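Report on one structure; see the data block that follows.
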Amino acid sequence: MSAAPPPSAPLLTCRDLAVSIAGRPILHNLNLVLHPAERLAILGRNGVGKTTLLHTLSGLRAADRGEIELSGDSYARLGPRCAARLRGLLPQHQGDAFTANVLETVLIGRHPHLSRWDWESEADERIAREALAAVGLAELATRSIHTLSGGERQRVALATLLVQQPRVYLLDEPLAHLDLNHQVAMLELMTRRIRADDAGLVMVLHDVNLAARYSDRVLLLYGDGEFEMGDSDKVLDAKRLSRLYGHPLRVIEEGGRRWFVPEIAA
Amino acid sequence: MNRRRARLILILLVIASTCSVLFSLAVGSVALTPVEVWAALFGQAENEGHNLAREVVCNLRLPRALSAFACGGLLALAGALMQVLLRNPLADPYVLGISGGAAVGALAAMLLGVGASFGLGAAAFAGALIAMGLVFGLARGDGSWTQTRLLLTGVIVASGCGAAVALMLSLAPEQQLRGMLFWLMGDAGEATAPMPAMLILAAGLAIALFFSRELNLLTRGPVLAATLGANVSRLRLMLYFLASLLTATAVTSVGSIGFVGLVVPHLARLALGNDQRLLLPAATLAGGALLTLADTLARSVVAPQQLPVGVLTALIGVPVFLFLLVRAPRLEHP
């Protein structure tokens, strides 16, 4: 386990952050403090810059302006290796060029915890097998990743991230390829994990109802630099979501919960 | 895969490599028994026959065997590194025109009358760097579209190099032609000083092993590699430069030999998996052993006639490559 940061330092801090892609603004003046056990969902239309923002928060690309700090340190001060012990990213799947078995693939996540000439120890393998069990793939440890379905491959990617044991989890469309059962199971698993470890969670989601249920705060990206951020139960409403997606949405109240459904012409 | 199993496999490969070199020392117009080879290498001078064996083994066969070994190792290692760099199991220095560039450089130097092996080496290295710069400068990035573009650029640069080589051959004076042709097809017989290539191979392998776990990350994609703590752009630059240096060294010492850089890492991956900590040294040793054997066959099958070893490896490599391609189409398009 990585050493616990001083309790005063928030997990992830953005000050006056401005991000753009190819001259097109994604957002300006984002001030964000992510606290332990907090879940932030990023919502927005396709191509609005959600992945770019997530990569910027991961330190993979530079922001136009502003500062990002992990547990009180900038990425420049931390260096890539220390940063890898503090934050982990579930990227969108890029395809597997080479074959490998599931366990080897998951063990890759231990990289930042090993020194240069180390091989993965039995303890590392135990962590990997626990992660596989957590995503329900314990039996597939020796299977080739090329034989997996899209949803199984996505769960292997999540297990790789769990094995990394970061303090901040950044998930890019974590529910892609997952069936309904596994969508809920994944969000439950992540919620349990960040509460147990006092970690933080930032995720790009496309399902408004799951975002409402499984996030504490939401960040709505409208495109062209406009955004809104706030508590999920306050910010999420039919008016904002209709504007966000450019499609009318309706709220249905049922059992004390609100459900957002798209208006569909009969 | 764990450290102990990897060590065991590498020890076996070291033994196999040693055997291939000893075999190469024993086979030829003067056939020697293993005992005679051993005596020639390590024994004291005793009689006339022994001195002949010593002359043949130490001055003729050993430099040639070691050159072939170094060249095979260099090409296999360069191919394995290129495959990681391009995230494509079908990449090798030959496909991307790097050895073509080295050949253009070396032949141009020959044509201009550069005789010294240092001059040839510098020219071949410069040619390889120019070809590599062209290919990667024209096709940067790592999406599937740019990988297609990269391969396409490589094929175009390689065929451009082919045309330049043909032009130089047609302009070359008669007495240089045969040497140039043999250089092109690969000729370990001209190689008299295997040590520089062996040293570069050892240094290149050490550098590659130093970064081997980061290379494992890179095979999983640049984004994941970067989030797990690898400095992707620096790692790629290192791979460009290292693969280019290794290829240029191989092509300079023995000539441009096809398919070792493609087929050997591929076979090693099929047999041992894709953990670069094992794959890189295993491919290096297997490539060295394979080219040593191929060179021994090239000079002994139709003796006293010598076959160009590059032709032999291509004749073996083409069907193996096609077999792998047909058998595992998923490897290219997951």
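The table that follows gives values for the structure above.
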| quantity | calculated |
| --- | --- |
| Dipole magnitude of the stretch B:1-142, debye to nearest 20 (Cβ charges: Lys/Arg +1, Asp/Glu -1, about Cα centre) | 660 |
| Mean-position separation - Cα centroids, the stretch B:1-79 and the stretch B:81-129, in angstrom | 27 |
| Relative contact order, percent, chain B [alpha-carbon distance under 8 Å, six or more residues apart] | 31 |
| Mean-position separation - Cα centroids, the stretch A:65-90 and the stretch A:176-251, in angstrom | 24 |
| Dipole magnitude of chain A about its Cα centre (Cβ charges: Lys, Arg +1; Asp, Glu -1), debye to nearest 20 | 320 |
| Shielding by other protein chains, A:112-119, mean Cβ within 10 Å | 4 |
| Test item: A:77-89 mean partner chain Cβ contacts at 10 Å | 3 |
| Within 10 Å of each Cβ in B:210-223, the average number of Cβ atoms from other chains | 5 |
| Chain A: antiparallel DSSP beta bridges as a percent of all, rounded to 5 | 60 |
| Rg(Cα) / (2.2 N^0.38 Å) computed for the stretch B:67-327, rounded to two decimals | 0.96 |
| Kyte-Doolittle at least -0.5, axis length at least 24 Å by Cα - qualifying DSSP helices, chain B | B:3-26, B:62-86, B:117-138, B:144-171, B:232-253, B:276-300, B:309-327 |
| Summed residue charge, Cβ within 11 Å of A:Leu187's Cβ, Lys/Arg positive, Asp/Glu negative | +2 |
| Accessible area (Å², per residue) of the protein assembly as shown, counting only protein heavy atoms and a probe of 1.4 Å | 44 |
| Accessible surface buried upon B-A contact (total; probe 1.4 Å; Å², nearest 100) | 3000 |
| As computed over chain A, the Cα convex hull volume per residue (Å³) | 155 |
| Rounded to the nearest 10 Å², the accessible area of B:Ile156 at probe 1.4 Å | 100 |
| 222 nm mean residue ellipticity, helices alone, for chain B (DSSP H n ≥ 4; -39,500 (n - 2.57); rounded to 500) | -25000 deg cm²/dmol |
| Sulfur and carbon atoms: percent of accessible area, the protein assembly as shown [1.4 Å] | 61 |
| Net charge of Cβ neighbours under 11 Å - reference A:Pro91; Lys, Arg +1; Asp, Glu -1 | -1 |
| Simple Cβ-charge dipole of chain B, Lys/Arg +1 and Asp/Glu -1, about Cα centre, in debye nearest 20 | 1260 |
| Length-normalised contact order for chain A - Cα pairs under 8 Å, 6+ apart - percent | 25 |
| Tensor-based shape of the protein assembly as shown (alpha-carbon gyration tensor, a/c under 1.5 rounded, otherwise prolate or oblate) | prolate |
| Of B:Pro304, B:Leu228, B:Ala158, farthest towards positive along the dipole that unit charges on Lys, Arg, Asp, Glu beta carbons give the stretch B:67-327 | B:Leu228 |
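The values are calculated or read from the model by the stated rules, or taken from the named source; none is laboratory data. Since the structure is predicted, the reported quantities are computational estimates derived from the model, not experimental observations. Note that we place each Cβ from the backbone using ideal geometry, even for glycine, and neighbour counts take in every protein chain shown. Side chains included, ligands, DNA and RNA excluded: accessible areas come from the protein's heavy atoms. Shrake-Rupley method; radii C 1.70, N 1.55, O 1.52, S 1.80 Å.
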